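What follows is one structure encoded as structure tokens, with my remarks underneath.
The values are calculated or read from the model by the stated rules, or taken from the named source; none is laboratory data. Just so we're clear, the structure is a prediction, and the values are computed from it rather than from any experiment. Please note: Cβ atoms are built from the backbone with ideal geometry, for glycine as well, and neighbour counts cover all protein chains shown. All accessible areas refer to the heavy atoms of the entire protein, side chains included, with ligands and DNA or RNA removed. Shrake-Rupley method; radii C 1.70, N 1.55, O 1.52, S 1.80 Å.
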Amino acid sequence: MAARKTPEKTLGESLRDHGLSRRGFLKFCAATTSMMALPPSLAPAIAAALETAKRPSVIWLSFQECTGCTESLTRSHAPTLEDLILDFISLDYHHTLQAAAGEAAEEARLQAMEANKGEYLVIVDGSIPGPDANPGFSTVAGHSNYQTLMETVEHAAAVIAVGTCAAFGGIPQAKPNPTGAMSVMDLVKDKPVVNVSGCPPIPMVITGVLAHYLVFGRLPELDSYGRPLAFYGQSIHDRCYRRPFYDRGLFAESFDDEGAKLGWCLYRLGCKGPSTYNACATMKWNDGTSWPIESGHPCLGCSEPSFWDAGGFYEPLSVPLTLRPETLLQAGAVGAVVGGGLAALARKKVKDAAGTRQPVTVEELEQKL
Amino acid sequence: MSGSMEFLLWTKGPMFDIAMVIFAIGLLARLAEIFLLGRARNYAEPRAGEWPAGLRTMLTRTVADRGTFERAPFNVVVGWIWHLGFLAALLLFVPHIELAKGLFGISWPALPNPVVDFLTAITLLSLVATLVHRLNHPVKRRISTIEDYLVWTVVFMVVLTGYLAYHRMVNPYPLALGMHILSAEILLILLPFTKLTHILTAFIARWYNGAAFGRKGVQS
Amino acid sequence: MSELTLERGLAAFRAEIDAPTAAFFSSCVHCGICAQSCPFYLETGDPKYTPILKLEPLRLIWENEFTLLGKLKGLLGLQRKVTDAMLAEWEELLYDSCSMCGRCSMVCPVGNDLAYMIRKSREGMVQSGHAPEGLISASVRAIKTGSPMGLQWKTLAVQIKHVEDSTGLKVPVDQVGADYLVMLSSMEVINFPEYLEAITKIFDHAGVTWTLSTQCFEATNAGIQIGNKDIAAQLVERVVAAAETLKAPNVISPECGHAFTAIRWEGPNLIGRAYPFRVFHIIEVLEELRVAGRIKTEGKEMDRLSLHDPCNLARKSGVIQQQRNLMDLVADNFVDLKEHGKYQWCCGAGGGVSSNERAEPLKMAAFKRKKAQIEEVAPERMVTMCATCRTQLEEGLEEFNMDIPVVGLTEMIADHLVEKETGS
């Protein structure tokens, strides 16, 4: 892929060149509209906007990651696959997908940055060893991830942190966080950052955010974690098709009991759905085929900060994280000793008071008359 | 990063440990404070044993005698309702049972969530009623201390935050759940040092009461 | 010369703290139900008479000196101290408005034995010089003369003479080896001499050997009412000494509630040892005689009778069924008050209230609860078995212009004894 300036073709033209029918395009627009929680009446407007939108230049940076996010993206079905992705935007730099290698690849990044100064988007997957960490933990072309990130975002229009590692630190940041891993928003303070969390995130959510940017020319509305509200506005629990079982108190107690077979709530098997905000329950995975809870497994809460440290995957949400019964016993013993000591002193006080007690005499009483 | 999930994890992790440790130390200290004081030897010839009467009073004092019920129906009825509602929500709600199971490995059957939800709502209303009663009844107003209002607030907050979290009326949910857990932790910390100790010492007090009357031949 | 001081009072409060007290104060939730069982609160409507509030001085000592939090408060200078002024204010609450009837102890939902702690609090009140004048006078007289009313044997001797004249029976005095040593209260000797006459007849009828003692005839105990162990122990020792002199295996308490509590339950602990004899209330003895078939009665009272259970006898000593069995023996139309037995209501005069002239208005206010109970069942006469209760009932009923005479159960039994064959 040669470095280039944003092509002159509009998105509509580009899509038609790639054989997408008008009908298919409108279908995509309708899906995108509903995905972004916009009223259906906006679909034609979105179609019109997308039709004439210019493809933005995108630089994709991969740091401490497993490539799962990219794998997820390339399996995107709804906006008709990687074709669409690759034409939707001008992907000017991406380790895994680009043909160029070595210095040529880095050159492509620098050229794209130069040519689209102030307008290009940076997508990051993976966490970054922070400025205080050993820079050697993760490098690309001899540069630390931190250097690359800061250099690349300097003239970006916005940054999209894809995946929980980029958004919240993810697994690299899990205790004891040996690489000093940090999230994008920990490091990038002067640019808009959108977090598209999930391990991996739902592909349609990634494309949805890009579509929103293309249509409206700005980033979508975000929640307190910087995630697009359209996709992260509701918890798994609230949209879960097993919710009625929770409300009726019907729970699977193990993975092979009657409750599990009958599709009852997985709360007691450790489902983190109540505290997890994501669109899995509505958009599902693999082109709407299924999603973890539908396949009988509790939600891991992968789109939330600290999900790896938030208690065992098979421990119910209400189970404390660190307390052990032994701690309680020890505390009780300490209490008994402390209380016993105090009580012994108090008892001595009673005895002393009784021992030095002066009997009341008639004469003393008479003084009061 | 200080988000609601961090807050939840803090309440489930270190803060829970701190609260439970203070609770355990405080409660055991309080029990030691009581029991080690002892009782003077009683030389008077008893009419009956202390133990049967003491044990009976531990249970029977839960139910008011008819005259007391007629003179203080509000106290008796509302007191019962909110205590039962609180205990049901505490002990028979699935997440709470899972907590016990996770911590001590013991569990028991739960009530269906809508039932717990209903009882919680009733408990909240009853608690408000007890506060109104405390503020208006001349005796209760006269004998109430800051501690009474503090304890009321903490107990109310525990139930209220639980209700809000269950109904997801506070967003994001980790914040709601964290507030509930933190309220419960405050209650645990205060318990050994306030009148909340009555959850345990009331049974000790009842035993002493029943024993003292029992040895004189009266079932108190 | 030594005197009663705040320091001595505080030490006395301190010495009274024990495990039950700590458990009780730990448990109070300020629900206020104790007030609903207190005639002094119910009939005045003044919340300061709430029983748990009367215990505030003792509670403060406990909190300040016997709890972790109290000590922490002390370090921060946040403790509320018990002062002389506070105790002066509490004197009315601990004496004038409390008959130690123990009803609050029966209903407290967390099980606090409030009467037990009132008794303890009075120890501190006496030592700090905050006891009511009436009770101080009674205590001084009891120690100095042997009777809280200053009564002496010679007065009793006159009554004995009257009884012997009217019954033709001998009243045994100082009989070594008699089964029962009978103790009296000054009130009985002066106001209710019929009691002595009644037991003289009944014991003769049943063939019981008994005696009075010139060494000690008085078993009421002003020390218990004022709340001082030293005075109380001296008075108990006199009874014990008399019983030991006469080698009596059984001692009968006077028909006086607190005297029974004093001699039956507190006495052995006051002198620190078990008695060499057993203690009974006359009602217990009569019931034993009835069960043994040694009391033969004829005829029954036909008017509507009801019964007042003395607190000290019923709720605080478990003598409840006995008097009802005896009533059935001699009464045809007996009706119990609605709340009776362990849930009876105090007449308002016990616990030293009747010896405390200052408390007269409160005493009459508290009686209104009893009055309402009596009105509920509308008896023609009231029966009781405690001289203090009887006096209070008589005075109270008169005060409210209710024409309901009050009689003693023992006298009523005596009235129905089958006459012995005459001319023998």
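Against the condition open to solvent by 40 Å² or more (accessible area, probe 1.4 Å), within 13 Å of the chain's Cα centre (by Cα) and at pLDDT 95 or above, how does C:GLU244 come out, does it pass?
no
Scan region A:200-235 for residues that are basic (Lys, Arg) and either over 12 Å from the mean Cα position of the chain (by Cα) or modelled with pLDDT under 90 (or both) and jot them down.
A:ARG218
Filter region A:252-261 down to the residues that are within 19 Å of B:LEU99 (Cβ to Cβ) and open to solvent by 30 Å² or more (accessible area, probe 1.4 Å) and list them by number.
A:GLU253, A:SER254, listed by residue number.
Can you confirm whether C:GLU288 is at pLDDT 95 or above, open to solvent by 20 Å² or more (accessible area, probe 1.4 Å) and within 23 Å of C:CYS346 (Cβ to Cβ)?
no
I want to confirm something. Restricting to region B:138-157 and keeping residues that are open to solvent by 40 Å² or more (accessible area, probe 1.4 Å) and farther than 16 Å from B:PHE193 by Cβ, which single residue is farthest from the other protein chains (Cβ to nearest Cβ)?
It comes out as B:MET157.
Show me the helices (runs of 4 or more DSSP H) entirely contained within region C:95-181 in which 1 or more residues are open to solvent by 40 Å² or more (accessible area, probe 1.4 Å) and not assigned by TED's automatic domain parsing to the domain that holds C:ASP309.
So the answer is C:114-127, C:133-145, C:153-167.
Looking at region B:173-201, which of its residues are assigned to a helix (DSSP H, G or I), open to solvent by less than 20 Å² (accessible area, probe 1.4 Å) and either of a type in the set (Asp, Glu) or in contact (Cβ under 8 Å) with a residue 40 or more places away in the chain (or both)?
B:PRO174, B:GLY178, B:GLU185, B:LEU191, B:PRO192, B:LEU196, B:THR197, B:THR201
If I ask for residues that are open to solvent by 60 Å² or more (accessible area, probe 1.4 Å) and either within 16 Å of C:LEU393 (Cα to Cα) or in the same structural domain as C:ASP46 (by TED's automatic domain parsing) (or both), which ones from region C:335-361 would you list?
C:HIS340, C:GLU360, C:PRO361
Taking the stated definitions as given, is B:VAL170 within 14 Å of chain A (Cβ to nearest Cβ), surrounded by 15 or more Cβ atoms within 10 Å (Cβ to Cβ) and assigned to a loop (DSSP other than H, G, I, E, B)?
yes
For the structure I just gave you, tell me whether C:CYS108 is within 21 Å of B:ASN209 (Cα to Cα) and within 13 Å of another protein chain (Cβ to nearest Cβ).
So C:CYS108 fits the description; yes.
For region B:55-75, check the following and say yes or no: at least one residue is surrounded by 15 or more Cβ atoms within 10 Å (Cβ to Cβ), closer than 30 Å to C:VAL236 by Cβ and in contact (Cβ under 8 Å) with a residue 40 or more places away in the chain.
Looking through region B:55-75, at least one residue is surrounded by 15 or more Cβ atoms within 10 Å (Cβ to Cβ), closer than 30 Å to C:VAL236 by Cβ and in contact (Cβ under 8 Å) with a residue 40 or more places away in the chain.
Residue check: is A:THR179 surrounded by fewer than 21 Cβ atoms within 10 Å (Cβ to Cβ) and of a type in the set (Val, Ile, Thr)?
Yes.
Answer yes if at least one residue in region B:28-35 is open to solvent by less than 50 Å² (accessible area, probe 1.4 Å) and at pLDDT 95 or above, and no otherwise.
no
Quick test for you: out of C:GLY293, C:GLY348, C:GLY318, pick the one residue that is more than 10 Å from chain B (Cβ to nearest Cβ), within 20 Å of the chain's Cα centre (by Cα), assigned to a loop (DSSP other than H, G, I, E, B) and at pLDDT 95 or above.
Result: C:GLY348 is the single residue among C:GLY293, C:GLY348, C:GLY318 that is more than 10 Å from chain B (Cβ to nearest Cβ), within 20 Å of the chain's Cα centre (by Cα), assigned to a loop (DSSP other than H, G, I, E, B) and at pLDDT 95 or above.
Take the residues of region C:214-223 that are farther than 24 Å from C:ILE118 by Cβ and buried (at least 24 other Cβ atoms within 10 Å of the Cβ): which is nearest to the other protein chains (Cβ to nearest Cβ)?
For region C:214-223, the residue satisfying everything is C:GLU218.
Where in region A:262-369 are there helices (runs of 4 or more DSSP H), lying wholly inside it, with at least 2 residues that are touching a residue at least 60 places away in the same chain (Cβ under 8 Å), surrounded by 14 or more Cβ atoms within 10 Å (Cβ to Cβ) and more than 10 Å from chain B (Cβ to nearest Cβ)?
Filter on region A:262-369 gives A:280-283.
Go over the candidates B:VAL78, B:VAL132 one by one and state the one that is open to solvent by 60 Å² or more (accessible area, probe 1.4 Å) and at pLDDT 95 or above.
B:VAL132
Quick check, is C:ILE226 open to solvent by less than 10 Å² (accessible area, probe 1.4 Å) and in contact with a strand residue (DSSP E or B) (Cβ under 8 Å, 6 or more places away or on another chain)?
It is false that C:ILE226 is open to solvent by less than 10 Å² (accessible area, probe 1.4 Å) and in contact with a strand residue (DSSP E or B) (Cβ under 8 Å, 6 or more places away or on another chain).
Residues checked against (1) touching a helix residue (DSSP H, G or I) at 6+ places or on another chain (Cβ under 7 Å); (2) farther than 29 Å from B:ASN209 by Cα; (3) open to solvent by less than 10 Å² (accessible area, probe 1.4 Å); (4) in a loop (DSSP other than H, G, I, E, B):
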site	(1), (2), (3), (4)
C:LEU313	yes, no, yes, yes
C:ASN333	no, yes, no, no
C:LYS363	yes, no, no, no
C:ARG369	yes, no, no, no
C:THR388	yes, no, no, no
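Please tell me if C:LEU68 is without any contact (Cβ under 8 Å) to a residue 24 or more places away in the chain, open to solvent by 30 Å² or more (accessible area, probe 1.4 Å) and within 10 Å of another protein chain (Cβ to nearest Cβ).
yes
Quick one: which helices (runs of 4 or more DSSP H) lie wholly within region C:1-64 and hold at least 2 residues that are over 23 Å from the mean Cα position of the chain (by Cα)?
Those helices (runs of 4 or more DSSP H) span C:6-16, C:19-27.
I'd like to know if region A:179-192 contains one or more residues that are in the same structural domain as A:TYR225 (by TED's automatic domain parsing) and more than 30 Å from A:LEU300 (Cα to Cα).
There is at least one residue in region A:179-192 that is in the same structural domain as A:TYR225 (by TED's automatic domain parsing) and more than 30 Å from A:LEU300 (Cα to Cα).
Kindly provide the set of residues from region C:17-26 that are more than 8 Å from chain A (Cβ to nearest Cβ) and in contact with a Gly (Cβ under 7 Å, 6 or more places away or on another chain), ordered by number.
C:ALA19
For B:SER126, work out the one condition from (1) under 18 Å from the mean Cα position of the chain (by Cα); (2) open to solvent by 20 Å² or more (accessible area, probe 1.4 Å) it doesn't fulfil.
Every listed condition holds for B:SER126 apart from (2).
Going through region B:15-48 one residue at a time, which ones are part of a helix (DSSP H, G or I) and more than 7 Å from chain A (Cβ to nearest Cβ)?
B:MET15, B:ILE18, B:ALA19, B:ILE22, B:PHE23, B:ILE34, B:PHE35
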